[in-house]
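So the structure is just underneath, and the comments pick up after that.
The values are calculated or read from the model by the stated rules, or taken from the named source; none is laboratory data. Just so you know, these numbers come straight off a predicted model, no measurement behind them. In this analysis, Cβ positions are derived from the backbone assuming ideal geometry, glycine residues included, and neighbour counts consider all displayed protein chains. Remember, those area values only see protein heavy atoms, side chains included, never the ligands or the DNA or RNA. Shrake-Rupley method; radii C 1.70, N 1.55, O 1.52, S 1.80 Å.
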Amino acid sequence: MNRLAKRLYNIAPDTVTLTFADGSTVDLSMHHAEFFQDDLEAEGETDDGTTYRIVDGDDDETLLAARESDDGWAVVGDVTGVEVGDS
């Protein structure tokens, strides 16, 4: 099971800070985080109302995040860290 996905699941519904492979971060107020068998599906929102969707990648190490825009969903990148966010 993906350790980052499990950590996100354990923190939600509290605010979560995601760190991406490029070093950028985002704080999300979590709407939900659910496991379907071993695969995580989660969704949260930034303070400005941007929605992010977080899902497991193709292996037990990858966690991907996508941001909703007017054109649909755009992959932001690989999540490398999950921490309790600033509420």
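Which whole-number percent gives the relative contact order of the chain, counting Cα pairs below 8 Å spaced six or more residues apart?
It rounds to 33 percent for the chain.
Compute the label zone of residue 38 within the stretch 51-87: residues whose backbone N is under 11 Å from the point 7 Å along Cα-to-Cβ.
Correct set: 59-61.
Per residue, what accessible area does the chain have, given a 1.4 Å probe and all protein chains present, in Å²?
Per residue, the chain has an accessible area of 61 Å².
Around residue 73, with a cut-off of 10 angstrom between Cβ atoms, what is the net charge of the other residues, counting Lys and Arg +1 and Asp and Glu -1?
Taking every other residue near residue 73 into account, the sum is 0.
For the chain, what is the calculated [θ] at 222 nm in deg cm²/dmol (nearest 500), taking -39500 (n - 2.57) for each run of four or more DSSP H residues and dividing by its residue count?
One gets -3000 deg cm²/dmol as the mean residue ellipticity at 222 nm.
To the nearest 0.05, how large is the calculated FRET efficiency for residue 10 and residue 69 if R₀ is 41 Å and r is the Cβ-Cβ distance?
0.90
According to a simple spin-label model (label point 7 Å from Cα along Cα-to-Cβ), what is the distance in nm between residue 46 and residue 86?
Reported label-point gap for residue 86 and residue 46 is 1.5 nm.
Considering the values [x] 16; [y] 52; [z] 11, which represents percent of Cα pairs over 23 Å apart as calculated for the structure under consideration?
Answer label, from the structure shown: [z].
Within the set of other residues whose C-beta is less than 13 Å from the C-beta of residue 47, count the net charge using Lys and Arg as +1 and Asp and Glu as -1.
-4
For the stretch 4-47, which whole percent of the accessible surface, found with a 1.4 angstrom probe, sits on carbon and sulfur atoms?
Ligands and nucleic acids excluded, carbon and sulfur give 39 percent.
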